[in-house]
Amino acid sequence: MVLQTLDIVKNEIPIEEESVVISEDTNAGLVLVDIINGFCTVGAGNLAPREANRQISQMIDESARLARVFCDNKWPLLAFLDSHHPDRLEHPYPPHCISGTDESNLVPALRWLEKEPNVIIRRKDCYDGYIGSFQEDGSNVFVDWVKKNNIQVVSLLVIGICTDICVLDFVCSTLSAKTRGLLAPLEEVVVYSRGCATFDFPASMAKDVLAHPQELMHHVGLYMAKGRGAKIAREVSIGAVKNA
């Protein structure tokens, strides 16, 4: 039934995907959204997969591949990590990714990013990384990262989990801020479909949480991002680097 529904949805709201080439000339920045144990590692928490999951495994593999390219070339990378105070839980979801627990840490395949000089790690306490980047003095870590003189992010590549929740919320806020002129020199936001994933709670399993069929919601998340003005990439390749 879910597969039939997915086919209907894809026919009714198809997504045009593009091939994206990244090089030094692109002035690209990479944002990783919540690729942490609590959402990706089997058995790691209330919202973690209960068994190995192909979509999530592919997302981790593609994230590690692209992160390695960005770090090898010293290109800018920002990683959001969902991290909640135990007294400020995130309705309607059960407790997850509590600050100080391993749930809120990067998955093992990406832990090496913590030592990379081109990487900024931002722990956030809400769905939206843009909102979660605001500091007490009113400054915004993400906005400053985009505008920083030695970075000048023109093209933003976004990958991570969940496609239809934290990834989508961040993309929507970023595009709205761009429209308001708050993120110059940013020109485009690209969401890489194979570099994103979401969780799977089919209706038969959903009790205390909303039903959430993985493939269907992944498609809907990408469609909504496209509708807000993001490019959707079916593949991301690395082009020739200037002066290489």
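The values are calculated or read from the model by the stated rules, or taken from the named source; none is laboratory data. Note that the structure is a prediction, hence the values are computed from the model and not measured. As a convention, Cβ positions derive from the backbone with ideal geometry for all residues, glycine included, and neighbour counts pool all protein chains shown. We work out accessible area using only protein heavy atoms, side chains counted, and drop any ligands, DNA or RNA first. Shrake-Rupley method; radii C 1.70, N 1.55, O 1.52, S 1.80 Å.
Below is a table of values for the structure above.
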item: Test for LEU47: is it under 28 Å from SER237 (Cβ atoms) and surrounded by 17 or more Cβ atoms within 10 Å (Cβ to Cβ); result: no
item: ALA203 assigned to a loop (DSSP other than H, G, I, E, B), touching a helix residue (DSSP H, G or I) at 6+ places or on another chain (Cβ under 8 Å) and of a type in the set (Gly, Ala, Ser); result: no
item: Considering residues of the range 73-89 that are within 22 Å of ILE60 (Cβ to Cβ) and part of a loop (DSSP other than H, G, I, E, B) only, the residue modelled with the lowest pLDDT; result: SER83
item: Residues located in the range 17-53, provided they are farther than 30 Å from ASP144 by Cβ and not acidic (Asp, Glu); result: SER19, THR41, VAL42, GLY43, ALA44, GLY45, ASN46, ALA48, PRO49, ARG50, ALA52, ASN53
item: Qualifying residue in the range 177-199 (condition: over 20 Å from ARG228 (Cα atoms), of a type outside the set (Ser, Thr, Tyr), modelled with pLDDT under 95 and open to solvent by 10 Å² or more (accessible area, probe 1.4 Å)); result: yes
item: The range 125-139: number of residues that are part of a helix (DSSP H, G or I) and of a type in the set (Ser, Thr, Tyr); result: 1
item: Those residues of the range 120-156 which are open to solvent by less than 60 Å² (accessible area, probe 1.4 Å), among the hydrophobic types (A, V, I, L, M, F, W, C) and within 15 Å of the chain's Cα centre (by Cα), in sequence order; result: CYS126, PHE142, LEU156
item: Of residues in the range 9-25 being modelled with pLDDT of 90 or more, farther than 14 Å from HIS218 by Cα and not charged (D, E, K, R), the one least open to solvent (accessible area, probe 1.4 Å); result: ILE22
item: First in the range 41-66 and farther than 17 Å from CYS97 by Cβ and modelled with pLDDT of 95 or more, second anywhere and in a helix (DSSP H, G or I) and not hydrophobic (A, V, I, L, M, F, W, C), Cβ under 9 Å, 6 or more apart; result: ASN53/GLN214; GLN55/GLN214; GLN55/GLU215; GLN55/HIS218
item: The listed residue being touching a helix residue (DSSP H, G or I) at 6+ places or on another chain (Cβ under 8 Å) and touching a residue at least 24 places away in the same chain (Cβ under 8 Å), out of LEU222, LEU182; result: LEU182
item: Residue list for the range 79-133, filter: of a type in the set (D, E, K, R) and free of Cβ contacts under 8 Å to residues at least 24 places away in the same chain; result: ASP87, ARG111, GLU114, LYS115
item: Residue identified as closer than 25 Å to HIS212 by Cα, touching a strand residue (DSSP E or B) at 6+ places or on another chain (Cβ under 6 Å) and open to solvent by 10 Å² or more (accessible area, probe 1.4 Å) among GLU103, GLU62; result: GLU62
item: Residue check for ASN140: of a type outside the set (Lys, Arg) and either at pLDDT below 95 or at positive phi (or both); result: no
item: Qualifying positions in the range 90-104 - in a loop (DSSP other than H, G, I, E, B) and either closer than 15 Å to ILE165 by Cβ or of a type in the set (Asp, Glu) (or both); result: GLU90, HIS91, PRO92, TYR93, PRO94, HIS96, CYS97
item: Any hit, the range 77-84, residues being hydroxyl-bearing (Ser, Thr, Tyr) and surrounded by fewer than 15 Cβ atoms within 10 Å (Cβ to Cβ); result: no
